[in-house]
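Student: Below you'll find the structure I mean.
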Amino acid sequence: MAFISSGYNPQKPMEGRITDIGPHKYDSMFPPIIAKNFGKWLYHEILEPGLLMHVAESGDKAYTVRCAGSRTMSITAVREVCDIADKYTGGFVRWTTRNNIEFITDNLETAKALKADLDSRKFAAGAYKFPVGGTGAGISNPVHTQGWLHCHTPATDSTGPVKVVMDALFDEFKNMRLPAPVRVSLACCINMCGAVHCSDIGLVGIHRKPPMIDHKWADKLCEIPLAVAACPMAAVRPTKVEFEGQKVNSIAIKEDRYMYCGNCYTMCPALPIADKEGDGIAIMVGGKVSNRMTFPKFSKVVVAYIPNEPPRWPTLTATVRKIVDTYAQHARKYERLGDWAERIGWQDFFKLTGLKFTHHLIDDFRDPAYYTWRQSTQFKF
Amino acid sequence: MKFETPLLDQLEQGPWPSVVSDIKQEAAHRAANPDGLDYQIPQDCCEDLLGLLELSYKDMETHWKHGGIVGVFGYGGGVIGRYCDQPEMFPGVAHFHTMRVAQPSGKFYSTKFLRQLCDIWDLRGSGLTNMHGSTGDIVLIGTTTPQLEEVFYQLTHEMNNDLGGSGSNLRTPAACMGMSRCEYACYNTQDVCYQLTEDYQDELHRPAFPYKFKFKFDGCPNGCVCAMARSDFAVVGTWRDDIKIDQDAVKAYVGGEYTPNAGAHSGRDWGKFDIQAEVIDRCPSHCMSWDGQKLTIDNANCVRCMHCIDTMPRALRIGDDRGASVLCGAKAPVVDGAQMGSLLVPFVKVEQPYDELKEIIENIWDWWIEEGKNRERLGELMKRASFQKLLEVTNTEAQAFHVKEPRNNPYIFFKEDEVPGGFKRDLADYRSRHQR
Amino acid sequence: MADEKEIIVEYFKSKAKTKTKHYFKDFLELFPDKKPREVKKILSDLVKEGVVDYWSSGSTTMYGLKGLGKQEEVEEGEQPKD
């Protein structure tokens, strides 16, 4: 490999440097129908799963075909998306906040042809590349994080569990037959880069064992005061230990204060946190961000731990499917999963889903815990 | 392929798009090298990545380490350092850093832009991306340290595009698609997002905050970019006047000519649309009535939850006196538990040049930079220092809408200037009335 | 501004034995009379001059003297000194 310079001169980094320019302006890459009718939309309708129609004051109709992409996407796939957009939608395409890809055209026939085309594209091994769907009262594309593919503190993988869960829920992505939208998200540790704390179904990687301390390397690899300062719980402290007959500077961890944010490992690779027996997934349900009918709300933990079972996480997928099916069977039209659970009471949520309630599901974290206990004689036997 | 991946291969089965199949496709592309590129990072990096991931599937543990590298020269964010912990086995991903690329708000692209980006990343990176990262950036996954400046140079010089944020700074702001294709947009989410991103470039690239800070802009209370749940400063569209009603269209919904809820429930037979049960009775503030002919809304009691509009979008429209509410302090759970944004400003007009919003933002920043502890999000500072303090620094008068209910304890700390005569008292005067 | 820069560099050196990276807030305390924006300007200048470097945990950012610290060497592929 010969180094190919872009024009950048490392000896003079400031020479001709362009900084602080931000992104392209939002309207610089609009499809013509969007540019023309910006701010002048009247109403919309989902004609069929994955096909939306937006009607403007001008009478123009924008047809949008929505399909899933995988959030982790190769440039080969992005180039394929470009080929599709060039062929059908004048070289324009957009992404949604939930990793869906949207192609917009002013022609219904084009949209239908595009939809059929997208649904016909498969990888050699058989999975769809760009399945159409993700609209209305169904399950849209999950928001998720990097997992074992590229993160240093994950308690589980991301693209794998998302793949197998969505394989199990694929019909709900392709259809609109649930009582309301169900948003599924996955974060590979409790830092929740994927912000799953307000999802109808949030899958969260959790660690259960505090880090090991590599006394041999701690002082060599890390600045111990930085690892200490990084702990939000003051659970990490500096110490001196005997190691192979020598006194060395190292780290001690107060295990009952440790909360698994992984900041210490970020700062100090001599504090490995990953553990095949310790790590796994918790399931949280009933959160939402919309203000529709009820206030936005947080997801609640209903399964404290499911072990990692790669490659296809059968316990996880069966549990999620069970929750979705029970909700679909019992909730009223328009009722989000959390609204349903609150209407029937969480007691009945456990009864209907068959999930076992355990002591891990009772909040014991600081002040807010108290407000989740039952201060009433009203309950069901 | 360089490695057998029997575990990962099982993720190629089933209908949902397979990332494993996609990475294999990229690996094959790099091996074939149809454009005859002189790849600037190992040609087989995708194969090494699959090998490493297979190892994680076997070990059930990650093989990545964090690195402190932050960005390109002069920037304190935009790059996340990654190193693999088995570099001898997988040299192609030994150094495999992430770059965050600023996305246009609303994420509308031309294929010209995307292809240009792909070409840069083909030559100088792994060819793998996230479309998009959770905060909203385009994420380029996997390159070596020497390529960071080269990618940045090409991005800025050839594509006129910047990096996004990471670390203790303003993170790449994000907006819903707003007025570009949504009739519910109460303000131009994309424009304010773009403008503030431009105005606060220094805050975005040169970290001087206690921790991360996020703006998100939702055009209406449906909240498609999750501003209230995910941003320290959430701007959520709303309106102050009446919902506009087209009575003929209401009748068309009742009569079954229009599909309720914009067709979102068409996959199941829910029976005939029942406006009383599905709309009137579900209104959270019970401000609607239907007499069989006419829909009436008591707008003074409307809390603008969007349910009736979502259900009958052809009959009901958002009002004309539009703007946004501002909610502060949302964050994910670490450390002190998850927080939802709390309502600070009930209504603000969101219009160029957005000075009113910027004044609130800058007041908040001044307070947070001064008072916030290291790694303390705004929401946590609000909890520690009190909501009253937030009101004070933003010159906001306390109003009943700020709370769900008043406090249920009388531990009220009046300030000295709030009590007549202050805290200095005349003991002699007191003693003239009371014995010791 | 030369004096202020000197103060910052001296601060780094005086702490280098225990830690080489510091939060932005630490520098505010060096200049109690200056507004955060002014302190940021000094640090940004030092970065531009190649004297100071950022260090990031991904979620937070710290400042350090360029080339100083245990992680730098390791990250660029060298083995830590045994």
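The values are calculated or read from the model by the stated rules, or taken from the named source; none is laboratory data. What you see is a predicted model, and the numbers here were worked out from it, not measured in a lab. Glycine also receives a Cβ, built like all others from the backbone with ideal geometry; neighbour counts cover every protein chain displayed. Note: areas computed on protein heavy atoms with side chains; ligands, DNA, RNA excluded. Shrake-Rupley method; radii C 1.70, N 1.55, O 1.52, S 1.80 Å.
Student: Calculate how steeply helix B:45-59 sits against the longest principal axis of the alpha-carbon atoms of chain B, using the helix alpha-carbon long axis, and give the answer as 0 to 90 degrees to the nearest 10.
Tutor: 70 degrees
Student: How would A:M284, B:M312, B:M1 line up by accessible area, probe 1.4 Å, largest first?
Tutor: Working: A:M284 25, B:M312 0, B:M1 120 Å².
Accessible-area ranking of A:M284, B:M312, B:M1, largest first: B:M1, A:M284, B:M312.
Student: Turning to a different aspect of this structure: If ligands, DNA and RNA are left out, what is the accessible area of B:R304 with a 1.4 Å probe, given in Å² to the nearest 10?
Tutor: About 80 Å², rounded to the nearest 10.
Student: Okay, moving on. Under a GNM of chain B (C-alpha, springs under 10 Å), which listed residue has the highest mean-square fluctuation: B:P284, B:P34, B:P353?
Tutor: B:P34
Student: Sticking with this one: Roughly how crowded by other chains is peptide B:178-191, in terms of the mean Cβ count from those chains within 10 Å of each of its Cβ atoms? All intermediate terms of the calculation are to be shown ahead of the outcome.
Tutor: Details: counts 3, 7, 14, 16, 4, 10, 3, 3, 0, 1, 4, 1, 5, 3.
Other-chain Cβ atoms within 10 Å of each residue's Cβ, averaged: 5.
Student: Another one. Suppose every K and R has +1 on its Cβ and every D and E has -1 on its Cβ; what is the size of the dipole of region C:2-75 about the Cα centre, in Debye to the nearest 20? Please report the intermediate quantities before stating the final value.
Tutor: Numbers: 15 positive and 14 negative charges, 44 e Å.
With only Lys, Arg, Asp and Glu charged at Cβ, the dipole is about 220 debye.
Student: I want to verify a result. In a Gaussian network model of chain B, Cα cutoff 10 Å, which of these has the top mean-square fluctuation: B:L55, B:L114, B:L327?
Tutor: With Cα springs under 10 Å in chain B, the top fluctuation among B:L55, B:L114, B:L327 is at B:L114.
Student: Hey, another quick one. Total accessible area buried between chains A and B, 1.4 Å probe, in Å² to the nearest 100?
Tutor: Values: alone 21850 and 23940 Å², together 33050 Å².
Using a 1.4 Å probe on protein heavy atoms, the buried area is about 12700 Å².
Student: If the cut-off is 20 Å between C-alpha atoms, which aspartates and glutamates fall inside it for B:K294, apart from same-chain ones fewer than 8 positions away?
Tutor: B:D241, B:D242, B:D246, B:D248, B:E257, B:D274, B:E278, B:D281, B:D310
Student: For chain C, what are the per-bin percents of Cα-Cα distances with bins 5 Å wide, up to the bin holding the maximum?
Tutor: P(r) for chain C, in whole percents per bin: 3, 14, 25, 26, 17, 8, 4, 2, 1.
Student: How many angstrom lie between the C-alpha centres of region A:237-265 and region B:358-406?
Tutor: Taking the Cα centre of region B:358-406 as reference, the centre of region A:237-265 is 36 Å away.
Student: Restricting everything to alpha-carbon atoms, can you work out Rg to Rh for region B:1-77 with a Kirkwood hydrodynamic radius? The partial results should precede the final answer.
Tutor: Working: Rg = 15.5 Å, Rh = 14.6 Å.
Expressed as Rg/Rh, it is 1.06.
Student: On to the next question. How large is the accessible surface of B:Y153 in square angstrom, using a 1.4 angstrom probe and rounding to the nearest 10?
Tutor: 40 Å²
Student: Show me the helices of chain A, taken as full DSSP H stretches, that run 15 Å or more along their long axis by Cα and average -0.5 or above in Kyte-Doolittle hydropathy. Don't skip to the end; give the middle numbers.
Tutor: Details: long enough: A:75-88 (19 Å, 0.19); A:108-120 (18 Å, -0.23); A:314-330 (24 Å, -0.24).
In chain A, the long hydrophobic H runs are A:75-88, A:108-120, A:314-330.
Student: Tell me the angle of helix C:2-15 to the major Cα principal axis of chain C, expressed in degrees between 0 and 90 and rounded to the nearest ten.
Tutor: For helix C:2-15, the angle is close to 40 degrees.
Student: Moving to a separate point now. With a ≥ b ≥ c taken as the square roots of the eigenvalues of the C-alpha gyration tensor of chain A, please select rounded if a/c is under 1.5 and otherwise prolate if a/b is larger than b/c or oblate if it is not? Each step should come with its number before you reach the end.
Tutor: On the way: a/c = 2.16, a/b = 1.25, b/c = 1.73.
Because a/c hits 1.5 or more and a/b fails to exceed b/c, chain A counts as oblate.
Student: Listed here are the pairs B:K358/C:K40; A:K36/A:K87; B:K244/B:K358; which of them are more than 27 Å apart at the Cα? Before the final figure, lay out the partial values.
Tutor: Values: B:K358/C:K40 20 Å; A:K36/A:K87 21 Å; B:K244/B:K358 31 Å.
In this structure, B:K244/B:K358 lie more than 27 Å apart at Cα.
Student: Heavy atoms only, 1.4 Å probe, whole protein assembly: order A:T97, C:T18 by accessible area, highest first.
Tutor: Numbers: A:T97 60, C:T18 90 Å².
Sorted descending by solvent-accessible area, the residues read C:T18, A:T97.
Student: With a 1.4 Å probe and every protein chain left in place, work out the accessible area per residue of chain B in Å², rounded to a whole number.
Tutor: Numbers: 16440 Å² over 436 residues.
I get 38 Å² per residue for chain B.
Student: Share of chain B's accessible area from carbon and sulfur, percent, 1.4 Å?
Tutor: Working: 8100 of 16440 Å².
Carbon with sulfur: 49 percent of the solvent-accessible area.
Student: Here is a further query. Below 16 Å, Cα to Cα, which aspartates and glutamates can A:K61 reach? Residues fewer than 8 away in the same chain don't count.
Tutor: Excluding near neighbours in sequence, the set is A:E45, A:E48, A:E102, A:D106, A:E109, B:E183.
Student: Considering only the protein assembly as shown, what is the antiparallel percent among its DSSP beta bridges, to the nearest 5? Spell out each step's value before the answer.
Tutor: Working: 87 of 100 bridges.
The antiparallel fraction comes to roughly 85 percent.
Student: Oh, and also: What are the radius of gyration and Dmax of the protein assembly as shown, computed over its Cα atoms and given in Å?
Tutor: Values for the protein assembly as shown (Cα only, Rg and Dmax): 27.6, 100 Å.
Student: Just checking chain A: which Cys have no other cysteine's beta-carbon under 4.7 Å?
Tutor: That list is A:C67, A:C82, A:C151, A:C188, A:C189, A:C193, A:C198, A:C231, A:C261, A:C264.
Student: For region B:294-436, list log₁₀ I(q)/I(0) at each q in 0.16, 0.17, 0.21 Å⁻¹, using the Debye formula over Cα point scatterers of equal strength and ignoring solvent, two decimals each.
Tutor: These q points yield log10 I(q)/I(0) values of -1.06, -1.13, -1.38.
Student: Using only the Cα atoms of region A:99-151, what are the Rg and Dmax in Å?
Tutor: 14.1, 43
Student: Sticking with this structure for a sec: Build a GNM of chain A with springs between Cα atoms under 10 Å: which of A:I75, A:I253, A:I213 gets the top mean-square fluctuation?
Tutor: Taking springs between Cα atoms under 10 Å, the residue moving most is A:I75.
Student: Plugging the Kirkwood radius over Cα pairs into Stokes-Einstein for chain B, at a temperature of 4 °C and a viscosity of 1.567 mPa s, what D comes out in µm²/s?
Tutor: Values: Rh = 25.6 Å.
Reported coefficient: 51 µm²/s.
Student: For C:E38, what accessible surface area do you get with a 1.4 Å probe? Give it in Å², rounded to 10.
Tutor: 90 Å²
Student: Helix C:36-48 against the longest principal axis of chain C: what's the angle in degrees, Cα atoms only, rounded to the nearest 10?
Tutor: 40 degrees
Student: Exceeding 22 Å between C-alpha atoms, which entries from my cross-link table qualify? They are A:K240/C:K13; A:K220/C:K66; A:K122/B:K58; B:K424/C:K34. It would help to have the intermediate numbers written out before the result.
Tutor: Numbers: A:K240/C:K13 24 Å; A:K220/C:K66 19 Å; A:K122/B:K58 27 Å; B:K424/C:K34 33 Å.
From A:K240/C:K13; A:K220/C:K66; A:K122/B:K58; B:K424/C:K34, over 22 Å: A:K240/C:K13; A:K122/B:K58; B:K424/C:K34.
Student: Can you return the aspartates and glutamates within cross-link range of C:K15? Criterion is Cα-Cα under 18 Å, with same-chain partners fewer than 8 residues away left out.
Tutor: Counting by Cα, and skipping residues close in sequence, C:K15 has these aspartates and glutamates nearby: A:D219, A:E223, C:E4, C:E6, C:D26, C:E29, C:D53, C:E72.
Student: Checking the table B:K331/C:K21; A:K40/A:K129; A:K300/B:K107 against a 28 Å threshold on Cα-Cα, which pairs fail? Numbers along the way, then the final one.
Tutor: Details: B:K331/C:K21 26 Å; A:K40/A:K129 34 Å; A:K300/B:K107 31 Å.
Violating the 28 Å Cα-Cα cut-off are A:K40/A:K129; A:K300/B:K107.
Student: Show me you know the interface measure: the accessible area buried between C and B, both chains summed, probe 1.4 Å, in Å² to the nearest 100.
Tutor: 2400 Å²
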